[in-house]
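Remarks on the structure that follows.
Readers should treat all values here as calculations from the given coordinates under stated rules, not as data from a laboratory. Owing to the predicted nature of the structure, the values given are computational and were not obtained by experimental measurement. Glycine also receives a Cβ, built like all others from the backbone with ideal geometry; neighbour counts cover every protein chain displayed.
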Amino acid sequence: MEASRQARLAIRQGRHAGHTAGLARGYVQGNLCILPSEYAEDFRAFCERNPKPCPLLAVSEPGDPRLPALGEDLDIRTDVSRYRIFHDGVLQEEVPNLKDAWRDDLVTFVLGCSFSFEEALIGAGLPLRYVEQGRNVPMYRTSVDTVPAGRFRGKLVVSMRPFRPADAIRAIEITSRYPRVHGAPVHLGDPRTIGIEDLKQPWAGDPTDVLEGELPLFWACGITPQSVVLEARPSLCITHSPGHMLVTDLKNSSLIEN
C-alpha cells in the first residue's frame, strides 16, 4: 500500500491524530475549505484571484465526500486528523471527523500546501528549524489585503521560515518552481512592512527563532481562508486545523514547473 494511503488509513482509524508534517514523504498534502454550495462559486473565484495563498488542487461535487483526483479511497469526512467548524465566521469547535457535521450541500476545496516545497528545501540541504524542533510552522495574519470575490475578502496569512542570506536565495529559487503549492515567498526581511509586529506571537502554529544573521522569509499560506472567513462570515465553513493536512496520492514531483 502506498505511504499516502497508509497515512489516510491511520488518520481514518484514529491511530494518527497529530500534525502531518513529514508524514507520507513524497506526497502532496492539501489545505481544506468546505462550504455550502451557495458560497462555492464566489469562493472558487476568490481562489482564482488569489493563487498564491489559495492554489486550487481539486473541488468536489456538492455533497460528495470523495475527491478521486486526489485519491481513489479518499473520504473527506474522515481523512483529516482534526477539523475546525465555523458558524457565521466564529470558530465553534474542533472535531476528529465530520460524520456528524456532513451535509448534502457541502462543497470541498483542496488547496496546495507548503509541505510539498519543504521536502525540496530539505533535499537541497536547507534545514527547517521548526521541523527539527518538532513544532508547527509559524503563521501570521498580515495587513495585506487579498483580492475580493463576492463576500470573500480579508487579510493574507503567511508562514515564516528563517534562512541565512545565501540559503534564502536558494530557497527562493527552489520554491518558485512550485506555483501550485504557494511558489516563491511574498516577502522577506522586516515583518513590520506587512503588518507583523512580533514574530514570537504567531496567529497560528508555533514561534520559530530568527537567529542573528538570518532573514525571515514569508510564504503565502493556505490557512488564508480561515482569515477570510472572519470577515466573510458564511453560515458554515469547515477547514483543517493548522498543520493537520489532507494527505493525497499526488506526488510532489508532479508539481514542479521549470
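A compact table of results
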read-out: Sites matching trypsin sites (Lys or Arg not before Pro) across segment 1-103 that sit in DSSP coil, with at most 16 neighbouring C-beta atoms within 10 Å; value: 15, 25, 66, 99, 103
read-out: Modelled FRET efficiency - R0 25 Å, residue 133 with residue 169, Cβ distances, 0.05 increments; value: 0.55
read-out: With at most 10 other Cβ atoms within 10 Å, longest stretch of the chain clear of loop GluC sites (Glu not before Pro) (DSSP); value: 73-196
read-out: Net +/- balance of residues flanking residue 156 in space, Cβ distance below 9 Å, scoring K and R +1, D and E -1; value: +2
read-out: The chain, relative contact order [Cα under 8 Å, separation at least 6], %; value: 32 percent
read-out: Angle between the chain longest axis and helix 40-49 axis [Cα atoms, degrees, rounded to 10]; value: 20 degrees
read-out: Normalised per residue, the volume of the convex hull around the Cα set of the chain (Å³); value: 116 Å³
read-out: Among 21, 247, 229 - extreme Cα towards positive end, dipole of the chain, charges at beta-carbon; value: 21
read-out: Degrees, to the nearest 10: 3-12 long Cα axis against longest axis of the chain; value: 60 degrees
read-out: Reachable lysines, given that their alpha-carbon falls under 17 Å from the alpha-carbon of residue 155 and they are not under 8 places away in the same chain; value: 52
read-out: Isolated Cys residues of the chain, judged by Cβ distance under 4.7 Å to other cysteines; value: 33, 113, 221, 237
read-out: Between segment 172-223 and segment 103-128, the alpha-carbon center distance in angstrom; value: 15 Å
read-out: Prolate/oblate/rounded call for segment 180-256, Cα gyration tensor, a/c under 1.5 rounded; value: oblate
read-out: 0 to 90° range, to nearest 10: angle between helix 165-175 axis and the chain longest Cα axis; value: 30 degrees
read-out: Dipole magnitude of the chain, debye to nearest 20 (Cβ charges: Lys/Arg +1, Asp/Glu -1, about Cα centre); value: 240 debye
read-out: Mean residue ellipticity (222 nm) of the chain, computed from DSSP H runs ≥ 4 via -39,500 (n - 2.57), nearest 500; value: -6000 deg cm²/dmol
